[in-house]
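To keep things clear, I will list the structure first and then write my remarks on it.
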Amino acid sequence: MKVLFVCNNAYNPGNGLSVSIHNTIRKLREHGVDARLMAVRNPDPDGAQPDFPLGHFKFPIFEPIIYANGFAYAKIDRKKITEALEWADIVHVQEAMPLENVVVRMARRMGKVLTATFHLYPQNVLANLGFPKKNFVNPFLLDNWRGLVFNRCSDIQCPTTVVWDYLTKHRFKARLHVISNGIDIPAEPVKAVPVEPAPVVEILCTGRMASEKSQKTLLQAMRYSRYADRIHLVFAGRGPKAKFYEKMARRLEAEGVLKIPASFGFYSHEELKDLARKSYLYVHCAWVEVEGLSCLEAMREGCVPVIAEGDMVGTSVFARCPESLYPVYDSRALAERIDWWIEHPAERNRMAQRYADAAREYDNERTIESLIGMFEEALEKHPR
């Protein structure tokens with residue numbers, strides 16, 4: 001089985017989509033699937049390159065914003081696309097951008113099997129371009145994606161049930177499969193390390209510093225927490241909002257709300273695992289998120305999450321108790337959840353093990369087997 005993965009930018013280490021694509025391709029190869037990638041060239045000349053490299057198209061006007069968010073659009077090279085499509089048995093698209101529009105049209109003419117993963121809501125894209133949460137472009141963009149790309153695919157991977165519900169509600173015609181993007185799980189179950197909320201409460205928040213990730217909700221919550229004076233916030237990530245959030249944190253320190261300066265940085269995978277083990281809580285603030293693997297990775301290490309809950313937040317399916325959820329944007333409710341966990345350390349440590357065990361349900365091995373099953377079904381049902 002030869003599977004061609006198609007996306008624009010697959011070489012941004014701070015982007016969950018990039019990380020997911022490389023992990024999936026690696027695991028598919030381990031399972032005997034010949035999986036290859038067509039994407040924009042890696043800007044690091046010494047780094048790995050896609051099997052079918054494309055040039056970088058610099059988008060007029062919006063390129064500085066796009067670059068700040070760690071994204072890049074591919075140049076449409078029909079000769080290179082034809083070469084990749086001739087090689088493939090299955091064409092698996094990761095987005096519904098102009099590149100994928102062209103790839104899908106060409107693949108259909110060549111009689112190729114087309115499948116997809118739904119990685120992004122329109123709001124993921126438009127929030128980073130400065131659009132408000134509700135705007136007239138969202139439905140237009142979704143209609144465009146559905147009609148030009150996703151409805152031309154036979155099967156779509158939905159990373160969470162929230163995505164499945166969304167695609168069903170919006171009349172996507174493909175066969176829908178709930179299959180997590182998955183994370184690496186150690187062979188031996190993780191034994192969660194008890195963490196006490198004194199003298200310092202370590203709270204970890206990971207992810208790209210961007211509008212839709214809404215890290216400002218956590219910073220605003222400090223104004224309402226009874227324990228803000230002993231909370232240490234650690235923000236792991238980078239992005240266009242980083243400077244803005246650093247200024248917010250410094251203002252809270254200057255006002256005496258935070259006694260311990262918040263930390264901001266970009267950390268390696270191993271460093272993030274260590275931070276998660278030491279943290280009392282993990283907070284996930286995004287108001288639009290297809291899955292949120294960074295939350296799963298923190299859970300895997302025995303860190304208890306507090307997750308924003310909304311109609312486009314797939315991450316909320318990971319919660320195992322009401323105290324791990326709060327309404328999106330509601331900084332007061334988030335502060336209440338944080339305070340509750342601080343006041344119930346025994347329950348926090350009991351749930352830490354439950355969360356570590358729950359993360360094992362999203363083992364890459366299991367998700368890759370399901371994805372291979374989806375590919376096999378797509379091949380079997382493809383009209384000859």
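Read-outs: derived from the displayed coordinates by stated rules, not from any lab. This is a predicted model, so every value here is computed, not measured. No Cβ is skipped: glycine too gets one built from the backbone with ideal geometry, and neighbour counts run over all protein chains shown.
Within 10 Å of each residue's Cβ, count the other Cβ atoms and sort Met209, Met38, Met97 from fewest upward. List each step's numbers first, then the result.
Working: Met209 25, Met38 28, Met97 21.
Ascending number of Cβ neighbours within 10 Å: Met97, Met209, Met38.
Under a straight-distance cross-link criterion of Cα-Cα below 16 Å, which lysines are reachable from Lys216, leaving out those fewer than 8 residues away in the same chain?
In chain and number order, the partners are Lys133, Lys241, Lys243, Lys247.
What is the fewest-to-most order of Val193, Val163 by other Cβ atoms lying within 10 Å of their Cβ?
Ordered by Cβ neighbours within 10 Å, fewest first: Val193, Val163.
Give, rounded to the nearest 20 debye, the magnitude of the charge dipole that the chain has about its Cα centre when Lys and Arg contribute +1 at Cβ and Asp and Glu contribute -1 at Cβ.
Dipole about the Cα centre, nearest 20: 1140 debye.
Which distance in nm do the two modelled labels at Arg108 and Thr168 give, with both placed 7 Å along the Cα-to-Cβ direction?
Output for this residue pair reads 2.6 nm.
Past 27 Å, Cα to Cα, is the threshold; run Lys80/Lys173; Lys58/Lys213; Lys2/Lys173; Lys134/Lys273 against it and keep the listed order.
Beyond 27 Å: Lys80/Lys173; Lys134/Lys273.
Mind giving me the FRET efficiency for Asp46 and Glu270? R0 is 25 Å, r the Cβ-Cβ distance, nearest 0.05 is fine.
The computed FRET efficiency comes out at 0.75.
Could you give the size of the charge dipole of segment 129-256 about its Cα centre, using +1 on the Cβ of each K and R and -1 on the Cβ of each D and E, expressed in debye and rounded to the nearest 20?
660
Using a 7 Å offset from the Cα along the Cα-to-Cβ direction at both Thr82 and Arg350, what is the distance between the two label points in nm, to one decimal?
6.6
May I ask you to derive the FRET efficiency for Arg384 and Ala198 from their Cβ-Cβ distance with R0 = 51 Å, giving the value to the nearest 0.05?
Values: r = 67 Å, r/R0 = 1.31.
Taking R0 as 51 Å, the efficiency between Arg384 and Ala198 is 0.15.
Expressed as a fraction of 2.2 N^0.38 Å, the rule-of-thumb size for a compact globular protein of N residues, what is the C-alpha radius of gyration of the chain?
On the way: Rg = 21.1 Å, N = 384, 2.2 N^0.38 = 21.1 Å.
With N residues counted in the chain, Rg over 2.2 N^0.38 Å equals 1.00.
What order do you get for 24-35, 234-245 when each peptide is scored by the mean count of other beta carbon atoms within 10 Å, highest first?
Listed from highest to lowest mean packing, they are 234-245, 24-35.
Can you give the percent of C-alpha pairs in segment 201-361 whose distance is more than 23 Å?
Here the tail beyond 23 Å accounts for 29 percent of pairs.
Once the dipole of segment 265-341 is set up with Lys and Arg at +1 and Asp and Glu at -1 on Cβ about the Cα centre, which of Phe266, Val313, Ile338 lies farthest towards its positive end?
Comparing the listed Cα positions along the dipole, Ile338 ranks first.
What does the charge dipole of segment 201-361 about its Cα centre add up to, to the nearest 20 debye, if the Cβ of each Lys and Arg holds +1 and the Cβ of each Asp and Glu holds -1?
It works out to roughly 460 debye.
Please give the length that would be gained between Ser370 and Lys243 if that part of the chain were fully extended, namely 0.36 nm times their separation in residues minus their C-alpha to C-alpha distance (nm, one decimal).
So the chain would gain 41.7 nm between Ser370 and Lys243.
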